[in-house]
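One structure is given below, encoded as C-alpha cells.
The values are calculated or read from the model by the stated rules, or taken from the named source; none is laboratory data. The model shown is predicted, which means the values in this text are computed figures rather than measured ones. Here the Cβ is made from the backbone with ideal geometry for all residues, glycine too, and neighbour counts use every protein chain on show. Ligands, DNA and RNA are excluded from the accessible area calculation, which covers all protein heavy atoms including side chains. Shrake-Rupley method; radii C 1.70, N 1.55, O 1.52, S 1.80 Å.
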Amino acid sequence: MSKKKEEKQKNKKLWIYLIGLVIVLILLMGFTFIYMKDKNQEDENTLAYTDLIKEISYGNIEKIEMTVGSTTIKVKQKNEEKEKTSVIPNTESFIELVQEKVAQGNEIELIQKPRSMLAQIPSIIISFLPTIIMLALFIMIFKMQGLGEKGKVYDDMQRKTKVKFEDVAGLDEEKGELIEIVEFLKRPEKFARMGAKIPKGVLLYGKPGTGKTLIAKAIAGEADVPFISMSGSEFIEMFAGLGASRVRKLFEKARKLSPCIVFIDEIDAIGSRRSSNSGAETENNQTLNQLLVEMDGFSSEETIIVLAATNRPEMLDKALLRPGRFDRQVTIPTPDLKGRLEILKIHSAQKRIADNVNLESIAEDTAGFTGAELANILNEAAIIATKNKNEDIENEDIEEAVKKVTVGLEKRTRVYSDKDKKLTAYHEAGHAVVSRYLPTQNDVKEVSIIPRGVAGGYTMYKSDEDKYYISKTEMQEKLIALLGGRAAEKLVLDDISTGASNDIEVATKIARDMVTKYGMSDTLGPIDFQGKEPYEIQMFGENIGDKIGQEVKILIDTAYRDAQELLRQHRDKLDRIAQELLQKEKINEQDFKEFFKDNI
Ligand code: ADP
Ligand code: MG
Ligand code: ZN
C-alpha cells in the first residue's frame, strides 16, 4: 500500500518535471518568436546586401557600425535621415571590402563595437537549446529508471522483516509446507550433509490479498534473514536491456546478503509465456532469461531462496517451472470460515472492539473475502466508529464497513427524482421477490434504494457458506435472480432502464462460463472452449462461435422469461415491497420475511 503510494508520488514528481520542461520550452519558443518578429518589423529599415554593395561603390554610405561576432550591421546613407540595418554574409571579407573602398578615397566611417551581452541572449539560448533539452531528458530517464537513487532502493530492500508465522492467520497447511524453507535458511549445512536438495524457488499462487507477500515476509522473519523484494512490473522498463540488468543487480545484492530471501511479486509480468515476438515481448524475454540464468547460476553455498507470487499461474512460461527453478508451488487459497475468523481476530487485536461484537458471525457473513479485505473491513469499521463518536467498534460499525467495502459508500445526499426512485424501488423489489421463490438462492438480508457507490440501490443476500461446487440449477436460478430487477422494470413500468447494466454483465458472464467453461450446455457438451492455448479454440470450425452465442442466449432468455413469470405470479408482493421501499428506503431481513408470512 505505502509502496504504491510512494510509486505514485514518484510518478507525480516526474509529471511535474515534464510539465515544467514543456512550459520552459514554450516560453523559449515564444521568446525566440518575438525576437524574430522584431527583426522582421525592421523590414523597411533594412538594406539588402546587394544594394549595400552598390551604395558603397556609389559612395552613398557615410557610416557603418558593426558589432563583433554579428553579421547584422547598421549603415547610415548620406541622403537618408535614418540608419538602416543590413545583414552581411561574412564580416571579414566585408571589412576588407570597406577598407579597400576607403583606400580608394571613399569617406566611410567604420565603427566596430564590442558584443553586447543582452542582444546575444536569444541566440545563446537557441544555440544551447538542444543541449539543454538533451540534458533534461537524460536526467528524467535516469530518474525513471531509479538509477539516480539506487542506494535508496536497495536500502529499502534489504531491511529485515519482523513478520512471523503467528502473524499469518489460517493457512496452516501452507505454513507447514513452508517451514522447511525456514529450516533450510537457518541451517543449510544440515541439509547439505544429508545430501538433500532444497528448492531454489517457490511459487505462491493466489488471488490478490490472500497473504502471499505476508507469508513470504514471515518466512524471512522466522529465519531471521534479509528480505529482498521487487515487483515484476518494476522490471518492465521503457528501454531494452534494463529489465535484465535489474535482475542481475538484484541477485548481485542477494549474493552479498546470503542467506536471504528474494521475493518477486507479480512474476507474471516478466514470466508470461514467450508467445509473440513483439517489442515488449522481446524485452520481457531478456528479463525472464536473465532470471533463469541467475536461478540456474547460484551454487549450493549460496543460500538464496527465490519466492515469487502470482495470481495468474496459467500465464507463466513453462521454463520457470522446470526443476532447479520454481519447482515447488504452493497455492494460497481464500480463507475458509476458520481462517476468516482467525484473520479477524488478528486484525482486531489492537482495535477497541465492543464486547458484544460477534466475530464468528462476521466470519460467517464474509465467505469469499480475502485476508486483505477482512483487514480492510476492520479498519473501515474503526473509522466509522470514530466518526460516530462511539467508545468502541460496535456491530453496526462493522456491518456498515462490510457494505462499504462490498457495495460502496452510502450516499444519502444524492438527490434523485421520484420517477427514478420508483424505478429503483421496483428494480430492487424485483430482485428480492424473485430470489425469495428460488430454492437455491440465499435469503435476502437487506433491500435498499439509498444509493451506494455507483449503484442506485441494492439487494444484499445472506452470505454463502463455503462451497466447493455450484450446481447447474443454482447457476440457472442465479441468472433469474440477477434478471429479476430488469424484469420488474419491464413488467410494472413497461419500460426498461440502464440501471440493470451491471446485472446483465454479471448474468452474461455466468451464462458464458456455463457454456464454455463448465460444459453445462446439452448441445455443446462438456468441452472447454476457453482453452488457455490460443490454438485450442481452432479445433472447431468457425460456426462454433455462433453455437456458443445461441446457447448463451437461450440461457439468458429463459431466465428473463422465468423472472417475469415469477413476478407476474407474485405481483402483489412486488407492489407492496416496492411501496415499502419508497416509504422507508430500506427493508431489513426480518421485515422482508414478514411479507411472506401468509404463504409458505
Ligand atoms: P497478496 O500478496 O497475496 O496480494 P498480502 O500479503 O499483500 O496479499 O496481504 C495484504 C494484507 O492483508 C496483509 O498485509 C494483511 O494485513 C492482510 N492479510 C492477508 N492474508 C492474511 C492472513 N492470512 N493473516 C493475516 N493477515 C492477512
Ligand atoms: Mg502482494
Ligand atoms: Zn439490479
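Some notes on this structure:
- In the assembled protein chains, residue 565 presents an accessible area of approximately 80 Å² (probe radius 1.4 Å).
- Using alpha-carbon coordinates, inclination of helix 395-406 to the longest axis of the chain, degrees: 60 degrees
- Ranked order, 352, 115 - accessible area, probe 1.4 Å, largest first: 352, 115
- Once backbone amide H atoms are built at 1.01 Å from N, residue 272 has 317 as its partners under 5 Å, excluding neighbours fewer than 5 places away on the same chain.
- Using alpha-carbon coordinates, inclination of helix 418-436 to the longest axis of the chain, degrees: 40 degrees
- Neighbour-limited loop hits for GluC sites (Glu not before Pro), the stretch 368-470 (at most 16 other Cβ within 10 Å; DSSP other than H, G, I, E, B): 391, 465
- For the stretch 284-415, Kirkwood radius (reciprocal of mean inverse C-alpha pair distance, Å): 18.2 Å
- The length gained on full extension between residue 93 and residue 49, counted as 0.36 nm times the residue separation minus their Cα-Cα distance, comes to 14.5 nm.
- Spin-label model, residue 190/residue 115: points 7 Å from Cα along the beta carbon direction are separated by 7.7 nm.
- Rounded to the nearest 20 debye, the dipole magnitude of the stretch 418-599 is 320 debye, with +1 charges on Lys and Arg beta carbons, -1 on Asp and Glu beta carbons, and the Cα centre as origin.
- Between residue 173 and residue 586, the contour length at 0.36 nm per residue exceeds the alpha carbon distance by 144.4 nm.
- Scoring 188-200, 339-351, 320-332 by mean Cβ neighbours within 10 Å over their residues and listing the highest first yields 339-351, 320-332, 188-200.
- For residue 417 and residue 594, the FRET efficiency from 1/(1 + (r/R0)^6), where r spans their Cβ atoms and R0 equals 30 Å, is about 0.55.
- Cα→Cβ-extended label distance, 7 Å offset, between residue 135 and residue 331, nm: 5.9 nm
- If only the Cβ of Lys and Arg carry +1 and only the Cβ of Asp and Glu carry -1, the dipole of the chain around its Cα centre is close to 1200 debye.
- Only Cα pairs under 8 Å and 6+ residues apart enter the sum, and on that basis the relative contact order of the chain stands at 9 percent.
- Annotation: amide H of residue 231 within the under-5 Å range of 265, sequence separation 5 or more or interchain, hydrogens built in the peptide plane.
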